[in-house]
Every structure is written in C-alpha cells, then in structure tokens.
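So the structure is just underneath, and the comments pick up after that.
The values are calculated or read from the model by the stated rules, or taken from the named source; none is laboratory data. Note that this is a predicted model, so its numbers are computed, not measured. Don't worry about glycine lacking a Cβ; one is built from the backbone with ideal geometry, like all the others, and counts go over all protein chains shown. SASA here: full protein model, heavy atoms, side chains in, ligands and nucleic acids out. Shrake-Rupley method; radii C 1.70, N 1.55, O 1.52, S 1.80 Å.
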Amino acid sequence: VRNQIPSDYRSGFGTFKVWVYGASTSTANNDIQVTVRDNAGTACATSVSVLPGTANTWTEQSVTLTGCSFAANDIITVSFKALSLSNNGVRVGEVSYLYTN
C-alpha cells in the first residue's frame, strides 16, 4: 500500500494502527508481518508481527515506527505478508495513523 502524507503534516507518525483478524493467535499458525518504509525507502518497521489478541476476532494492533523521517506530501509504503497454516485464516483490514498539522 502506498499513501501520500497529507500536505498539512507537521509532525507525528510514531505509530500505525492496523486492524487484523486471525483464526489463531499463534504465529506458528498465523502471522501478519508489516513493513513500513518512508519516502527515501528507509525501513521504519520491518517484519513486525501483528495478530489479534483473541482468535477469530478483529483487533486493532499498533506498529511502532522508528528510524525514519517524514515530511508533508512524502509517499510512504506499507507492506503486508500474510501467512496461514492449514485451515487457519488471516485478514488485514483498515490501516490508520495520527499526525499533527
């Protein structure tokens, strides 16, 4: 997913929120790995595992970003790698972030 940072951005972007669903809470059965890159391609979060706290439930999980710089109108890239063993299922829903304008 590529997203342009709003033109009124001044600061923030410490955390992304991701809605995730998994048939299991075990990374042995399910895993959703999130990678976030800034406009320069620098990884802010690499292969961070996000899974719901309760199986078969949509849950909002946080991904903390470090080591990146952001500016208004930059393009950020968020990659998701969904893994599932046997009949377990995983889903990624809404992605959101907060910033100061």
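So the values come out like this:
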quantity: Cα-projected label distance for Leu83 with Leu98, points at 7 Å along beta-carbon direction, nm; calculated: 3.1 nm
quantity: Distance (nanometres) between label positions extended 7 Å along Cα→Cβ at Asp74 and Arg91; calculated: 3.2 nm
quantity: Fraction of accessible area attributable to carbon and sulfur, the chain (%, probe 1.4 Å); calculated: 44 percent
quantity: Neighbour net charge for Tyr9 - beta-carbon separation under 13 angstrom, K R +1, D E -1; calculated: -2
quantity: Two-decimal ratio, the chain, of alpha-carbon radius of gyration to 2.2 N^0.38 Å; calculated: 1.12
